[in-house]
Amino acid sequence: MSNSPQIVTTVAELRHRVTALREDDSRVGLVPTMGALHAGHLSLVKEIQKHVDVVVVSIFVNPAQFAPNEDFDRYPRALMADAEKLGASGETDLIFAPSVGEMYPPGFATNIDVGGPAVGLESETRPHFFAGVATVVAKLLLAALPDVAMFGEKDYQQLLVIRRLVADLGLNVEILGAPIIRERDGLAMSSRNAYLAEGDRKVAGQLNVVLQSLIAELRDVSPISDVEDNGKRALLAAGFKTVDYLTVRDAETLAPLATLDRPARLLAAATVGNTRLIDNMAV
Ligand code: PAF
């Protein structure tokens, strides 16, 4: 455990430092992030520390998961502030902050295309997204060779895609999910919340309020599609500009559900102003 984590920027340095930190039986944990760290990220770091002896946090704004019309250029970047936060919370041993050239050197031509849980939902609006995530996560896992990697349930579909990726490629790492950390009004923490204008910020809090009310409604109202339609109407009435999806799915496969006969997940994506928000909760 260290109070001022060292920052390494190359895969070679990362491997060298992880090997030096790894004692005989010690376990290494990786928390992949895109930086602009908030309490949600810090909770992942705190949580993984319970499972491992050495904690590595990666900070890399991955161009491969942004479409040309998305916010890659304006995505918040704050490496030194992030390092300070990780130092202050005291659980991180090493920060891996590679350049784009280190992760995608000239001639890079590989893209990992995941099916199964990657189909639908986020992929409808962001068809490039999961291939970009899967490719970079595979590269980060192969670079750090952790025993455990931790991802937030805020990106629930992403978590399932990464589990599928790891199982299908036979990567020797345990993938753990950690609960969503929320603002006081229920808004799930996200680096993109910084984009919300003042009026939009109030509306944004309603996403969680509506989802919570639907969880209660799901107990009494059927079919499920009626509850989904009510939810979409409630979000539009609350001030959301568009609702990309609001749906109840099988919690493990994300297959559509007609009845609540197995563990389910309520997932939604909606836009307020120019900001697209996602949220989900267990049913
Ligand atoms: O969830 C994120 O921050 C990113 O998608 C991840 C997993 C770090 C890959 O770039």
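The values are calculated or read from the model by the stated rules, or taken from the named source; none is laboratory data. Quick caveat, the model's predicted, so the values are computed rather than measured. Reconstructed Cβ throughout: ideal geometry from the backbone, glycine too, with neighbour counts over all protein chains shown. The protein model used for the area step is the full one, side chains on, heavy atoms only, and it has no ligands, DNA or RNA in it. Shrake-Rupley method; radii C 1.70, N 1.55, O 1.52, S 1.80 Å.
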- prompt: Among the residues of the stretch 244-283, which ones are of a type in the set (Gly, Ala, Ser) and open to solvent by 20 Å² or more (accessible area, probe 1.4 Å)?
  reply: 255, 258, 273, 282
task: Could you list all residues from the stretch 18-54 that are modelled with pLDDT of 95 or more, crowded, with 16+ Cβ neighbours inside 10 Å, out of contact with any helix residue (DSSP H, G or I) (no Cβ under 8 Å at 6 or more places or on another chain) and in a helix (DSSP H, G or I)?
output: 41, 43, 44, 47, 48
task: Residues being touching a helix residue (DSSP H, G or I) at 6+ places or on another chain (Cβ under 8 Å), open to solvent by 60 Å² or more (accessible area, probe 1.4 Å) and part of a loop (DSSP other than H, G, I, E, B): count how many of those fall in the stretch 161-180.
output: 1
- prompt: Got a number for residues in the stretch 55-96 being free of Cβ contacts under 8 Å to residues at least 60 places away in the same chain, within 21 Å of residue 149 (Cα to Cα) and away from the ligand (no atom under 14 Å from the Cβ)?
  reply: 3
message: I'd like to check which helices (runs of 4 or more DSSP H) are fully inside the stretch 97-160 and have at least 2 residues that are more than 14 Å from the ligand (Cβ to nearest atom), under 18 Å from residue 67 (Cβ atoms) and among the small types (Gly, Ala, Ser).
response: none
message: Only one of 69, 62, 111 is at pLDDT below 95 and at negative phi. Can you tell me which?
response: 69
- request: Report, by residue number, each residue of the stretch 181-198 that is open to solvent by 50 Å² or more (accessible area, probe 1.4 Å) and part of a helix (DSSP H, G or I).
  value: 192, 194, 198
field: Top-ranked residue in the stretch 1-17 [being touching a residue at least 24 places away in the same chain (Cβ under 8 Å), within 12 Å of residue 95 (Cβ to Cβ) and assigned to a helix (DSSP H, G or I); ranked as farthest from the ligand (Cβ to nearest atom)]
entry: 17
message: Among the listed residues 238, 216, 264, identify the single one that is free of Cβ contacts under 8 Å to residues at least 12 places away in the same chain and farther than 17 Å from residue 154 by Cβ.
response: 216
- prompt: Within the stretch 103-143, which residues are over 26 Å from residue 253 (Cα atoms), buried (at least 18 other Cβ atoms within 10 Å of the Cβ) and out of contact with any Leu (no Cβ under 9 Å at 6 or more places or on another chain)?
  reply: 104
